[in-house]
Each structure stands twice: as C-alpha cells, then as structure tokens.
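The values are calculated or read from the model by the stated rules, or taken from the named source; none is laboratory data. Since the structure is predicted, the reported quantities are computational estimates derived from the model, not experimental observations. Cβ: placed from backbone, ideal geometry, glycine included. Neighbour counts: every protein chain shown.
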Amino acid sequence: MDSILSGIKSALSGLFGKAGDNRVVGIDIGTSSIKVVELKKEGGRVILDTYGALALGQYNPEGHIGQVTNLNVETLVKALTDVLKETNITSTNIVLGIPSISCIIFILQLPEEIEEKSLPIVIPNEAKKFIPVPIEDVSLDWYVLPRREDSGSEARVLSESGNAATMSVLVVATLNETLTKYTDVLQKTGLPMDSLEIEVFSHIRSVMARELYPVLIVDIGASKTKLTIVEHGIVETFRLVSRGSQDMTLAISRSLEVSFEQAENLKKENGLLPPPEYPHLAEPIKIQLAEIFQETNATILAYEKRYNKNIGKVIFTGGGAMTRGLLDYAKQSFATELAIADPFAKVESPVFLAGVLKNTGPEFSVALGLALKKIQ
C-alpha cells in the first residue's frame with residue numbers, strides 16, 4: 001500500500017505522483033454520499049471521462065437523501081458497486097479517500113540532530129502527546145518537511161523552538177478501525193488496496209493553484225466542516241467544526257415545519273435565495289452558517305496571531321459550498337478574498353458541461369483530487 005502521505009509529498013514536489021494506466025478513478029466515500037470521478041490521459045492531457053454521486057441515505061430503511069449515515073461494510077460494498085455500475089466505471093486503477101474526521105494531523109518539532117533512522121522510534125513517542133487514544137489504535141505516517149525560507153517554515157521552526165535548530169515533521173494518525181473498514185470495502189468490491197489518501201491532501205491538489213500565501217480551505221461536509229490552512233502545500237492547521245450541511249436541513253425542517261426530504265430539496269434548490277412561498281427559508285441556514293463562520297474566523301485569528309501572517313484566500317468546498325447565495329453571505333463575515341472551489345477546472349471536459357461542472361464541482365473536489373494523484 002502507498003504511504004497515505006504520498007499525496008502531500010507529490011504536492012510539494014509539484015508532481016501528481018507515479019503514472020499508472022491511462023485511466024484513474026477517485027472514490028470518495030462520505031457520510032451522506034459516495035462520489036466517483038474517472039480521469040483519462042491522452043497525449044499529455046488529463047480529461048474527465050465520467051463522474052457520479054450516489055446518496056447513502058437511501059440504503060437505510062428509513063433514510064433520506066442528504067442524511068448522515070454510518071453504514072456497515074456490506075452495505076457500503078453494495079452502494080459502491082451500484083455507483084460504479086451506474087457510471088459505467090470498470091477501471092481498477094483506483095485511489096480511495098480516507099475521511100479527515102478519522103485522522104489527527106499535526107506538526108512535530110524535533111531536534112535537528114536526530115537521525116532519520118531513529119524517527120520510527122522517536123515519532124511514536126512524541127506523537128502520544130497529541131493523540132487522545134492509545135497509540136496502538138492508530139496508524140502513523142509522517143513526512144519531514146523541507147526547510148524553505150520562502151515558505152515561512154524556517155520562521156515557524158525558530159519561533160516555536162526558541163531559536164533552536166529543529167526539523168518539522170508532518171504527522172498523520174489514522175484510526176486503525178477506519179483503515180480496516182475501508183480496505184474491507186475495497187476487498188469485497190473486488191478492487192485493489194494499493195492506494196489510499198487522506199481527503200485533506202486531495203483537497204489541496206484539486207482546489208489550490210500554487211498560491212504564494214496561506215490559504216484556508218473550508219470543507220462543508222454533511223456532518224462536519226473541516227478547516228485546513230495550507231501554505232506552499234503544507235498543512236499548517238487542521239480543525240473540525242461539528243456542524244455541516246445536514247444541520248442546515250434539520251434547521252429548515254424545524255423552522256418551516258416540513259419533512260427532512262422537503263427541507264433538503266428547499267436547501268438545494270434555493271439556499272439563501274428564498275422563494276415567495278417560503279420567505280423565511282434563509283434564516284435557519286444563516287444561523288448554521290454563522291456558527292461555522294465564527295469558528296472559521298477564530299481559526300484564522302489564531303493562525304495570524306501565531307505566525308504573524310495573513311490568510312490570503314478562503315476557498316469553500318464540499319456539498320455545503322453549493323448552497324446558493326453562500327459567497328455573498330460569507331462576504332459579511334470575512335475580510336479576505338473568497339472563492340468557491342472549481343476542481344473540474346483542473347481537467348479538460350466537454351464545453352457543454354462547463355456550467356454543470358462548475359456548480360457541482362465543490363462536491364467532487366475530493367474524488368477529483370484522488371484521481372489526480374495517479375495521473376502524471
């Protein structure tokens with residue numbers, strides 16, 4: 001199996017990773033849906049071949065589209081098989097995303113004189129301070145970050161170590177339970193288990209464009225919102241907010257006294273631009289977004305105060321980023337450049353799909369980033 005941090009290594013080196021065959025499939029199994037993207041390479045061009053999404057709520061006896069699920073392996077296997085069949089994907093050259101909510105991501109500062117051969121002993125001992133579960137319950141992966149003056153890494157190291165010479169090591173601890181579950185899904189679906197990647201690194205690959213300043217990626221998922229501050233491909237800060245797009249649907253359902261299914265449809269079709277028959281539709285959505293934006297601004301303030309740097313851009317992605325009117329509403333809370341992720345802009349696609357892909361892109365940013373991992 002590839003290192004789960006191989007994606008960030010390729011991002012730092014400016015490559016997409018090792019070349020596979022000419023078709024690659026990215027699979028993003030979220031809490032409310034499965035997204036798949038298949039890319040192909042022709043004459044040095046990366047082309048979108050097909051993509052699709054399948055709601056997981058329908059696999060619960062009383063579930064609805066948009067609901068957060070916690071399905072067992074057998075049910076996920078059926079759902080994954082169904083979406084691959086519906087999208088006519090047959091390639092087994094796949095990359096599977098591991099949810100960031102099952103990981104702890106942090107940077108260790110270690111004495112520079114430590115030899116590389118000693119890291120497998122030193123890092124687990126130091127990592128225990130950051131991990132709230134027994135160390136034997138997680139799998140550790142790490143990457144020694146290059147010290148580059150233009151990236152701010154050297155300034156960060158010196159400021160946090162009292163001017164002592166240290167090395168920065170990006171560490172990811174992933175729950176073994178999650179790794180076992182996802183590898184079981186692949187095995188029982190008849191797919192290889194050779195390439196996994198944590199979704200935060202797929203986001204970096206699919207939504208960023210080599211910005212020369214710190215960028216905050218706000219991934220509004222179904223159950224949670226993930227906040228990731230990235231500079232020069234390096235994850236500087238990662239934080240979870242316990243609110244997501246399902247909370248918006250539930251708030252609409254309670255406020256307007258409609259079913260979850262109807263509330264989900266209203267959210268998707270109208271968002272913050274209410275129709276005449278539901279003039280107060282935007283209010284419950286705004287309340288949920290205000291909570292997310294408050295946590296986001298607190299994360300920005302903490303980072304800027306700690307490193308004396310400004311966040312140059314905020315990129316919204318995930319299914320919740322598709323909420324109509326989101327960007328205009330966000331402008332009231334943020335004083336920096338704002339953008340909605342457009343991951344499909346990274347690949348070639350039919351012109352007539354441009355509008356659709358731009359609108360649905362945020363939902364597929366992880367799946368697309370996963371597929372890009374294996375395209376040279």
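Tabulated values for the structure
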{"item": "Single match in Leu84, Leu54 (criterion: buried (at least 22 other Cβ atoms within 10 Å of the Cβ), touching a strand residue (DSSP E or B) at 6+ places or on another chain (Cβ under 7 Å) and modelled with pLDDT of 85 or more)", "result": "Leu84"}
{"item": "Among (1) surrounded by fewer than 17 Cβ atoms within 10 Å (Cβ to Cβ); (2) in contact with a Lys or Arg (Cβ under 7 Å, 6 or more places away or on another chain) - the single one Tyr143 does not satisfy", "result": "(1)"}
{"item": "Number of the condition not met by Ile311 [criteria: (1) of a type outside the set (S, T, N, Q); (2) touching a residue at least 24 places away in the same chain (Cβ under 8 Å); (3) outside any loop (DSSP other than H, G, I, E, B)]", "result": "(3)"}
{"item": "Any hit, the range 359-366, residues being in contact (Cβ under 8 Å) with a residue 60 or more places away in the chain, under 19 Å from Gln246 (Cα atoms), in a helix (DSSP H, G or I) and among the aromatic types (Phe, Trp, Tyr)", "result": "yes"}
{"item": "Residues of the range 107-130 that turn out to be within 30 Å of Lys181 (Cβ to Cβ), of a type in the set (A, V, I, L, M, F, W, C) and buried (at least 17 other Cβ atoms within 10 Å of the Cβ), as a count", "result": "5"}
{"item": "The range 202-230, residues that are in contact with a Lys or Arg (Cβ under 8 Å, 6 or more places away or on another chain) and over 17 Å from Ala339 (Cα atoms)", "result": "Ser202, Lys224"}
{"item": "Matching residues in the range 325-341 - criterion: being outside any helix (DSSP H, G or I) and either among the hydrophobic types (A, V, I, L, M, F, W, C) or in contact (Cβ under 8 Å) with a residue 12 or more places away in the chain (or both)", "result": "Gly325, Ser333, Phe334, Ala335, Thr336, Glu337, Leu338, Ala339, Ile340, Ala341"}
{"item": "Checklist (1) touching a strand residue (DSSP E or B) at 6+ places or on another chain (Cβ under 9 Å); (2) exposed (fewer than 15 other Cβ atoms within 10 Å of the Cβ); (3) under 18 Å from Glu236 (Cα atoms); (4) modelled with pLDDT under 90 applied to Arg148, failing item", "result": "(1)"}
{"item": "Among (1) at pLDDT 95 or above; (2) under 16 Å from the mean Cα position of the chain (by Cα); (3) not basic (Lys, Arg), the one test that His203 misses", "result": "(1)"}
{"item": "Any hit, the range 248-262, residues being buried (at least 16 other Cβ atoms within 10 Å of the Cβ), under 24 Å from the mean Cα position of the chain (by Cα), assigned to a helix (DSSP H, G or I) and free of Cβ contacts under 8 Å to residues at least 24 places away in the same chain", "result": "yes"}
{"item": "Subset of the range 57-81 that is of a type in the set (D, E, K, R) and without any contact (Cβ under 8 Å) to a residue 24 or more places away in the chain - its residue that is surrounded by the most Cβ atoms within 10 Å (Cβ to Cβ)", "result": "Lys78"}
{"item": "Criterion: on the phi > 0 side of the Ramachandran plot, in contact with a strand residue (DSSP E or B) (Cβ under 7 Å, 6 or more places away or on another chain) and crowded, with 20+ Cβ neighbours inside 10 Å - qualifying residue of Gly318, Gly244", "result": "Gly318"}
{"item": "Residue count for the range 81-109, restricted to those that are under 15 Å from Leu145 (Cβ atoms) and either part of a helix (DSSP H, G or I) or in contact with an Asp or Glu (Cβ under 7 Å, 6 or more places away or on another chain) (or both)", "result": "2"}
{"item": "Selection from the range 342-358 of residues that are within 21 Å of Phe316 (Cβ to Cβ) and in contact (Cβ under 8 Å) with a residue 12 or more places away in the chain", "result": "Asp342, Pro343, Phe344, Ala345, Lys346, Val347, Leu357, Lys358"}
{"item": "Top-ranked residue of the range 263-276 - restricted to ones that are without any contact (Cβ under 8 Å) to a residue 24 or more places away in the chain and assigned to a loop (DSSP other than H, G, I, E, B), ranked as farthest from the chain's Cα centre (by Cα)", "result": "Pro276"}
{"item": "Residue pairs meeting the criteria (Cβ under 7 Å; at least 6 apart or on separate chains; first of a type in the set (Asp, Glu), in the range 277-292; second assigned to a helix (DSSP H, G or I) and surrounded by fewer than 17 Cβ atoms within 10 Å (Cβ to Cβ))", "result": "Glu283/Ser255"}
{"item": "All positions within the range 28-63 that are closer than 12 Å to Val83 by Cα and in a loop (DSSP other than H, G, I, E, B)", "result": "Leu56"}
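Yes/no matrix, rows are residues, columns are (1) modelled with pLDDT under 95; (2) more than 25 Å from Asn359 (Cα to Cα):
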position	(1), (2)
Ala222	yes, no
Thr225	no, no
Phe238	yes, yes
Leu256	no, yes
Leu266	no, no
Ala282	no, no
Ala298	no, yes
Leu301	no, yes
